[in-house]
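*Asks:* Dropping the structure in here first, questions after.
Any read-out appearing in this document is the output of simple, stated calculations on the displayed coordinates, not a laboratory observation. Note that the coordinates shown come from a computational prediction; the quantities given were computed from them, not determined experimentally. In this analysis, Cβ positions are derived from the backbone assuming ideal geometry, glycine residues included, and neighbour counts consider all displayed protein chains.
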C-alpha cells in the first residue's frame, strides 16, 4: 500500500491542524491506557458486598425499597380504591389511573432539574413528603367521584409518585465506583423492586382485612412507612450532586 504524506500548511491554518492532531493523538493514547487498565482490573460480581462498599450497597437498597414500596403500596391498589371507595366502574378507573400517570412526566422533569441544583437527597425528601401529602389528600379527602375533583388531584399525586424515580439514575451512578457501578445499581434498585411487594404491598390488604378498615387506610399506612425508610436512607448516605465520577472510590 503506498504511503501518504501529509503536508501541513503554514500560518494559522497550520497551527490549528497541529493542535487538532495533538488532540487526536492524546485521546487515542488515553483510550489505549484506559483499555489496558480495564484489562488489568478484574472485579468479582460480589465486590458490591466488600467491606469498603457494603454500607453504600445496603443503604442504596433501603432507599430503593422505601421509594418503590411507598409507590406500589398506593398504585397497585388504585383501581380497587377507585371502584370500591369512589364508586367508579373498572373502565373509568383505568382511565383515571392513566391520566394520573401523565402528571408523572412533569414530576420527573422537575425532580431531575432541581436535583442537579439542590442535591439528590434533598429531592428524595421533598418529593417523598409531597407524595405522602398528595396520597393522603387523594385517598381521604371528600372528592367524591367527579372528574373535576379526582383528575386534577390525581395528576398532582402522579407528579410526586413518578417524580420520585427521577433521581435514582444519577444518584446510584454517583454512589458506586466505576468498576462495580453496574452491579451496584442493578442490585440496589432491583432488590428494592422485589422486596417492596413483600414488605409493603402485601401488608396493605392484610391491614384492611385484619383491622376492618378501608383499603385506603392500608395504602396510606404502608406508603408512609416506605417514605420513612427512604428518608432514613438519605440521612445516612452521602450527597453526590456534582461529583466527578472518575473520583468515586470505595
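*Asks:* Looking only at the range 71-118, which residues are part of a loop (DSSP other than H, G, I, E, B) and under 14 Å from residue 215 (Cα atoms)?
*Replies:* Scanning the range 71-118 gives 76, 77, 85, 86, 87.
*Asks:* Looking at the structure I just gave you, is residue 241 in contact (Cβ under 8 Å) with a residue 60 or more places away in the chain, surrounded by fewer than 18 Cβ atoms within 10 Å (Cβ to Cβ) and within 27 Å of residue 55 (Cα to Cα)?
*Replies:* Values: in contact (Cβ under 8 Å) with a residue 60 or more places away in the chain: yes; surrounded by fewer than 18 Cβ atoms within 10 Å (Cβ to Cβ): yes; within 27 Å of residue 55 (Cα to Cα): yes.
Yes.
*Asks:* Can you pull out the residues in the range 206-216 that are surrounded by fewer than 18 Cβ atoms within 10 Å (Cβ to Cβ) and touching a residue at least 40 places away in the same chain (Cβ under 8 Å)?
*Replies:* Scanning the range 206-216 gives a single hit, 214.
*Asks:* Moving to a separate point now. Can you tell me how many residues in the range 173-183 are within 14 Å of the chain's Cα centre (by Cα) and crowded, with 22+ Cβ neighbours inside 10 Å?
*Replies:* 1
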